[in-house]
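The structure appears below as structure tokens.
The values are calculated or read from the model by the stated rules, or taken from the named source; none is laboratory data. Because the structure is a prediction, the values reported are computed rather than measured. Every residue, glycine among them, receives a Cβ derived from its backbone with ideal geometry; neighbour counts consider all protein chains shown. Heads up: the accessible areas ignore ligands, DNA and RNA and are worked out on the full protein's heavy atoms, side chains in. Shrake-Rupley method; radii C 1.70, N 1.55, O 1.52, S 1.80 Å.
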Amino acid sequence: MLTPQENDLMCRVENGAPMGEIFRRHWIPACLSEEVSEPDCDPVKIRLLGEDLVVFRDSEGKLGILDEYCPHRRASLAFGRNEECGLRCLYHGWKFDVDGNAMEMSSEPAGTGFLEKVKLKSYPAREASGFVWTYMGPAETMPEFELPVFQPTPDVQVATSKVIINCNWAQILEGAIDSAHSSSLHSSDMVPAKVPGAAANDKVWLRPSTDKAPRLVVQRTPFGFRYTAIRRPINNAQTHDYLRTTLFIAPYTVHIPSNNLYNIAIMHVPMDDEHTYFYFLAFSKENCPDTETWRKFLHLQPGIDVDANWRNLRTRDNNYKQDRQAMKLGNFTGIPGIPNQDVVMWETMGPIADRSLDKLGASDLAIVEFRKQLVEAAQAFQKDGTVIGRTEPRIPHRFIRSFEGVVPKTTDWRTAGVSEEEKALMAGAPIANAAE
């Protein structure tokens with residue numbers, strides 16, 4: 001359990017909070033590329049780490065991420081005109097380029113020099129893997145942008161989904177690293193079967209185990225930690241184990257084990273202390289579902305499950321549209337879609353869960369490690385500016401991978417599925433092009 005002070009240190013990201021400052025020193029997703037898909041398209045209002053921002057693509061296709069509020073009288077630029085390589089405020093016609101430079105001031109006399117003195121706060125933007133990314137920290141500490149773990153090479157296909165969740169980012173991420181809950185909460189969607197390894201079809205995910213009480217083991221890494229849930233397999237239980245290794249990639253990504261068709265990653269991006277952008281992603285070189293199929297499978301389709309602003313149409317006010325009749329007929333939760341089942345659990349904990357009241361068990365080992373590591377990370381940042389996930393030896397994301405499989409009991413879970421590149425970097429050996 002955490003003290004209330006430790007809980008705040010881990011969870012809060014606004015107003016200079018240490019964890020928010022750590023996020024600011026990583027590249028983070030600002031929005032999906034599809035939200036600003038065309039030059040001069042509608043500007044998009046976003047909120048990151050307690051800041052209201054606006055994203056737009058100008059007439060030449062350049063991306064801008066600006067303070068939402070015009071510096072003149074603080075009207076919202078989210079309602080502005082995106083035209084002729086700039087975003088124009090409706091109130092008095094002030095216009096800004098993608099870097100926040102004032103371009104025009106229709107309400108001001110020419111020749112005063114005022115135009116050159118006004119600069120709107122802006123953040124750098126990069127586009128990759130279906131996302132617009134930004135860096136919100138000091139310019140002198142900005143790292144090189146690298147492709148995320150879910151697109152280790154440009155030829156990997158990515159299917160995206162997005163929903164806003166009304167609670168703190170950390171309790172959502174704890175759900176992503178909680179392997180034990182899947183056997184209960186998701187039991188109607190993650191079904192035991194006599195398969196050689198995890199498998200997927202258009203209805204459910206299949207797993208080669210009926211074991212609901214996995215043994216958990218954890219290993220810290222430079223990027224965060226990996227942990228393995230060890231279960232009894234349905235076949236060859238006397239001689240084999242079923243391993244599922246999940247990666248926490250600090251500060252906001254979880255890479256969960258793959259199935260026979262695609263890999264899965266989840267990003268948890270704080271809007272503020274009590275709201276989170278949640279991205280659930282499938283990726284593969286050959287068998288990745290298209291984005292619409294993926295969203296349909298997850299029950300996160302815009303216009304059906306989420307509104308135009310990515311807010312869930314299943315809420316506490318409508319009991320998340322839980323179908324009690326479906327439960328009587330055998331569905332465990334009465335809630336369609338794996339993420340939607342999780343959302344009910346996360347939001348009903350409250351905006352920021354009070355972890356001082358938790359009673360944790362053996363199945364919560366990864367949760368305990370996450371909390372310990374994040375509190376230590378916030379304290380380290382306060383002490384000397386150390387940023388978790390950016391220390392040496394640094395493992396490029398393209399060398400990081402999760403693992404699942406039925407293996408002989410003699411298999412070392414610490415090395416199962418670990419890339420040779422990661423092993424070499426951890427041993428201090430140089431890797432050609434490791435920094436690219």
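Quick look at the values:
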{"quantity": "By average C-beta atoms within 10 angstrom, highest first, the peptides 250-262, 154-166", "calculated": "250-262, 154-166"}
{"quantity": "The range 262-332 and the range 48-110: distance between their alpha carbon centers, rounded to Å", "calculated": "32 Å"}
{"quantity": "Partnerless cysteines, meaning none of the other Cys C-beta atoms lie under 4.7 Å away, in the chain", "calculated": "Cys11, Cys31, Cys41, Cys85, Cys167, Cys288"}
{"quantity": "Overall form of the range 1-97 per C-alpha gyration tensor (a/c, 1.5; a/b vs b/c)", "calculated": "prolate"}
{"quantity": "Accessible surface, the range 225-298, averaged per residue in Å² (probe 1.4 Å)", "calculated": "31 Å²"}
{"quantity": "Computed [θ] at 222 nm, deg cm²/dmol, the chain (DSSP H ≥ 4; -39,500 (n - 2.57); rounded to nearest 500)", "calculated": "-5000 deg cm²/dmol"}
{"quantity": "Listed residues Gly389, Gly16, Gly130, most fluctuating in the chain (Gaussian network, C-alpha, under 10 Å)", "calculated": "Gly16"}
{"quantity": "Amide hydrogen neighbours beyond the local backbone of Asp241, cut-off 5 Å, H modeled", "calculated": "Val407, Lys409"}
{"quantity": "Prolate/oblate/rounded label for the range 266-392 (Cα gyration tensor, a/c 1.5)", "calculated": "prolate"}
{"quantity": "Residue of Ser106, Ser188, Ser179 that the Gaussian network model of the chain assigns the largest fluctuation, springs spanning Cα pairs under 10 Å", "calculated": "Ser106"}
{"quantity": "Proximal charge balance of His26 [Cβ under 14 Å; K/R count +1, D/E count -1]", "calculated": "+2"}
{"quantity": "Filter on Lys45/Lys296; Lys45/Lys212; Lys372/Lys409; Lys203/Lys285 - keep pairs with C-alpha separation over 32 Å", "calculated": "Lys45/Lys212"}
{"quantity": "Cα gyration tensor category, rounded, prolate or oblate, for the range 45-146 with a/c compared to 1.5", "calculated": "prolate"}
{"quantity": "Top of Val368, Val118, Val204 by mean-square fluctuation, Gaussian network on the chain, Cα under 10 Å", "calculated": "Val118"}
{"quantity": "Taking N as its residue count, the alpha carbon Rg of the chain over 2.2 N^0.38 Å", "calculated": "1.03"}
{"quantity": "Residues with amide H under 5 Å from that of Ile335, placed H, sequence gap 5 or more", "calculated": "Asp323"}
{"quantity": "Spatial separation of Cα centroids for the range 354-399 and the range 207-222, in angstrom", "calculated": "18 Å"}
{"quantity": "Carbon and sulfur %, accessible surface of the range 254-383 computed with the full protein complex present, 1.4 Å", "calculated": "51 percent"}
{"quantity": "Reachable aspartates and glutamates, given that their alpha-carbon falls under 14 Å from the alpha-carbon of Lys95 and they are not under 8 places away in the same chain", "calculated": "Asp40, Asp58, Asp67, Glu68, Glu83, Glu84, Glu104, Glu108, Glu116"}
